[in-house]
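Everything on this sheet refers to the single structure shown next.
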Amino acid sequence: MGETAWTALREGYTVPVRDILWGHIYLKPAMAALTETVAFMRLYRILQLGPAYRVYPGATHTRAAHSLGVYHLGRRLLLSLAEQGAEAWISPQGVRSFLCACLLHDLGHFPYTHSLKELPLRSHEDLTAELIRAEPLRSLLGAAGADPDLTAAIVETAPGRWSGAELAFYRRLLSGCMDPDKLDYLNRDARCCGVPYGVQDVDYIVSRLHPQPERGVDIDSRGIPSVESILFAKYLMYRTVYWHRDVRSATAMVKKAILGGLDAGVLAPEELYGLDDQGLFALLADCRGRTPGNRALFDLAARVREGPLHRSVAEIPYDPAWHGPLTGLRERARAEEALAEDLGRAAGCRIAPGELIIDLPEPVSFETNLFISDEGLPFPGETGVFKTDVVEGLVKQVRIIRILLDPILENKVQCAGKGGICIGKFTIPPKTWSLPR
């Protein structure tokens, strides 16, 4: 009897990696070779949560550890789905391609978590796919029994020439409400930050997921509390960890420095690809030395590592009807300039570029496209609590506009803002100037 998808999932996994979260993670020797490449080794030098260690000192885990965790959970999930009938449409080569896609899915990720999000750069998924298709990974993937082009197509934003039911199935497994990526990062981030909010019962979740060739996986009604737990955990992790005001401040400061360098022509997008955390800050330090005129902006990045962060002096829930224009980086920069001029005039001081930053997190979703198999309804169905108004309330709680100010200027501006500031439709009420820490 020839090789089957089942044997491809079960046999030959003899190389153990000891993980803080999942214990022993086993790889095939040819898959372990992928983790010894230059591209994968870079992930050991990128912190999974970037500046979160400034709030949670234990948050020093890396994208490499996370990638191994995603591979581990991807294998566990596929084993369960194969037992339930998915073996009918998955192939041995497809199985290996999917597992390698899990392992390598973050190869192209930018350094310092999401500080580079929103900037005019290529997506990290497409950078990942490019690395997978190139040597030496292409040959190593072939030696591992995977198809490099299928592996890349599972990860990239659009699968290019690849199509077919098996590819669609794998893409939905790797990117969805209950995907191995989310299950690992919620559990891992919670463990390393020392908070309970992200912890999920992975064994039970996997047992409640059932294969469906077009949708990837369905759940049964007994799994609904697990979906709600994941969504609520995601909300709590965004509120307390990912979008903590100090984490947002550090992220916004680094983003402001990079955007200033790109706008001034001091930085080219290509220089930002393939960097680790140390490389990013070394590049920004070099730009600081080469361009005295932009020194203040590049000082922002240095202060994230060496000095005080900007303080949040005003916080306003994002309302698309009022604050929609602030979603654009250029519009936000113009609002910063106008606000700095108004506040500086009121405080009797000059607020230089970079001393005031308006931070607006990217959109976040607490929705899911899961289907409840025994109810015949999409989630949340009849028994779920995540109705539209609940989801909107969660988003409103976490997506907050923050006015971040150099702490040297903070007291002056707090004393000056008694009447509030209005720039077009963007209003900062006086009651929001100084919030409890």
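Could you please give the count of residues in segment 129-161 that are exposed (fewer than 14 other Cβ atoms within 10 Å of the Cβ), under 23 Å from Val15 (Cβ atoms) and of a type in the set (Ser, Thr, Tyr)?
Count: 1.
Picking from Arg42, Arg54, Arg18, which residue would you name as being free of Cβ contacts under 8 Å to residues at least 60 places away in the same chain, assigned by TED's automatic domain parsing to the domain that holds Leu141 and on the phi < 0 side of the Ramachandran plot?
Exactly one residue qualifies, and that residue is Arg18.
So, restricting to helices (runs of 4 or more DSSP H) that lie completely within segment 60-166, which ones have at least 3 residues that are assigned by TED's automatic domain parsing to the domain that holds Val202, farther than 30 Å from Leu267 by Cα and touching a residue at least 40 places away in the same chain (Cβ under 8 Å)?
Where helices (runs of 4 or more DSSP H) fall fully within segment 60-166 and carry at least 3 residues being assigned by TED's automatic domain parsing to the domain that holds Val202, farther than 30 Å from Leu267 by Cα and touching a residue at least 40 places away in the same chain (Cβ under 8 Å), they are 63-83, 92-104, 137-143, 148-155.
Please state which of the following conditions Leu68 fails to meet, knowing it meets all the rest: (1) modelled with pLDDT under 95; (2) surrounded by 20 or more Cβ atoms within 10 Å (Cβ to Cβ); (3) over 15 Å from the mean Cα position of the chain (by Cα).
For Leu68, the failing item is (1).
Give the number of residues within segment 324-352 that are closer than 19 Å to Val398 by Cβ and either aromatic (Phe, Trp, Tyr) or touching a Pro at 6+ places or on another chain (Cβ under 9 Å) (or both).
2
So, in segment 340-362, of the ones that are out of contact with any strand residue (DSSP E or B) (no Cβ under 6 Å at 6 or more places or on another chain) and in a helix (DSSP H, G or I), which residue ends up modelled with the highest pLDDT?
This residue is Glu341.
How about segment 70-101: which of its residues are small (Gly, Ala, Ser) and closer than 14 Å to Pro211 by Cα?
Within segment 70-101, Gly74, Ser80, Ala82, Gly85, Ala86, Ala88 qualify.
Among (1) free of Cβ contacts under 8 Å to residues at least 40 places away in the same chain; (2) in a helix (DSSP H, G or I); (3) not hydrophobic (A, V, I, L, M, F, W, C), which single condition is Tyr170 missing?
Just one mismatch for Tyr170, condition (1).
Can you confirm whether Tyr53 is buried (at least 20 other Cβ atoms within 10 Å of the Cβ) and of a type in the set (Phe, Trp, Tyr)?
no
Which condition from (1) at pLDDT below 85; (2) in contact with a His (Cβ under 9 Å, 6 or more places away or on another chain) is the one that Ile316 breaks?
(1)
The values are calculated or read from the model by the stated rules, or taken from the named source; none is laboratory data. Computed from a predicted model, the values in this text were never measured in an experiment. With ideal geometry, Cβ positions are generated from the backbone for all residues, glycine too; neighbour counts draw on all protein chains shown.
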